[in-house]
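One structure below.
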Amino acid sequence: MTLDHVSLRVRDLEHSRTFYAAALAPLGVAILMEGGGAVGFGRLGKPQFWLNPGGTPTGPTHIAFVAATRAAVRAFHAAAIAAGGVDNGAPGLRPHYHPDYYGAFVLDPDGNNAEAVCHLAEA
């Protein structure tokens, strides 16, 4: 299965926008589109992760973003914490998923569990 995009409803769009812009930058993900009150993040010209304001926030939800390297996972975690996220699992191996599963988890401003994961062996 391949997903085209995912959307979260957030309490404070500007706060969440700032958080995700900082947290996703180490993964090469940036804001690609804004309009109608929504913010779309992605890479290669395709927004795949959307934030929408108002109403009851989605979640708590778990969303995992692909990281190309383990260093990018560590950079995601550090950037997310610096942007106000709450540690929910330090960068490290999670061998109960598979031997090379390297992830880090942070709670976003709405309590969603944001993860960066690299599935590759250490280079």
Run the quick spin-label model on D87 and T2: label points 7 Å from Cα toward the beta carbon, then report their separation in nm to one decimal. 3.8 nm
Between the modelled labels at A21 and L120 (7 Å from Cα along Cα→Cβ) the distance in nm is 2.9 nm
By average C-beta atoms within 10 angstrom, highest first, the peptides 92-100, 31-39, 71-79, 9-17: 71-79, 9-17, 31-39, 92-100
Normalised by the number of residues in the chain, what is the relative contact order in percent for Cα pairs under 8 Å and 6+ residues apart? 26 percent
Using only C-alpha positions, report the orientation-averaged shadow area of the convex hull of segment 1-58, nm², one decimal. 4.2 nm²
Tell me, what HN-Hα J-couplings in whole Hz come from the Karplus equation 6.51 cos²θ - 1.76 cosθ + 1.60 at θ = phi - 60° for each residue of segment 69-78, using x for Gly and Pro? 9, 5, 4, 5, 4, 5, 5, 4, 4, 4
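What does the charge add up to near D12, with Lys and Arg as +1, Asp and Glu as -1, over the other residues with Cβ less than 15 Å from its Cβ? Show your work: numbers first, answer last.
On the way: positive: R9, R11, R17; negative: E14, D108, D110.
Net of charged neighbours comes to 0.
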At q = 0.10, 0.16, 0.21 Å⁻¹, what log₁₀ I(q)/I(0) does segment 38-123 have when each alpha carbon counts as one equal point scatterer in the Debye sum? -0.27, -0.67, -1.05
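For F105, what charge total do you get from the other residues with a beta carbon under 12 Å from its beta carbon, if Lys and Arg give +1 and Asp and Glu give -1? Don't skip to the answer; put the middle values down first.
Details: positive: R94; negative: D87, D108, E115.
Residues near F105 contribute -2 overall.
Restricting to Cα pairs below 8 Å that are 6+ residues apart, what does the relative contact order work out to for segment 1-64? Please round to a whole percent.
41 percent
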Between Q48 and residues 5 or more places away or on another chain, the pairs with built amide H atoms under 5 Å apart involve F41, G42, R43
Tell me, what ³J(HN,Hα) does each residue in segment 106-118 have, in order and in whole Hz, if you take phi through Karplus 6.51 cos²θ - 1.76 cosθ + 1.60 with θ = phi - 60° and put x for Gly and Pro? 9, 7, 7, x, 9, x, 6, 8, 8, 10, 10, 9, 10
Please compute the modelled spin-label separation between I31 and W50, points set 7 Å along Cα→Cβ, answer in nm with one decimal. 1.7 nm
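Sort 102-108, 61-67 by packing, meaning the average of other beta carbons within 10 Å per residue, with the highest value first.
On the way: 102-108: 23.6, 61-67: 16.4.
Packing proxy ranking, top to bottom: 102-108, 61-67.
Here, each number is a calculation from the coordinates, and none is a lab measurement. Values in this document were obtained by computation on a predicted structure and should not be read as measured data. Here Cβ is always computed from backbone atoms with ideal geometry, including for glycine, and neighbour counts include all displayed protein chains.
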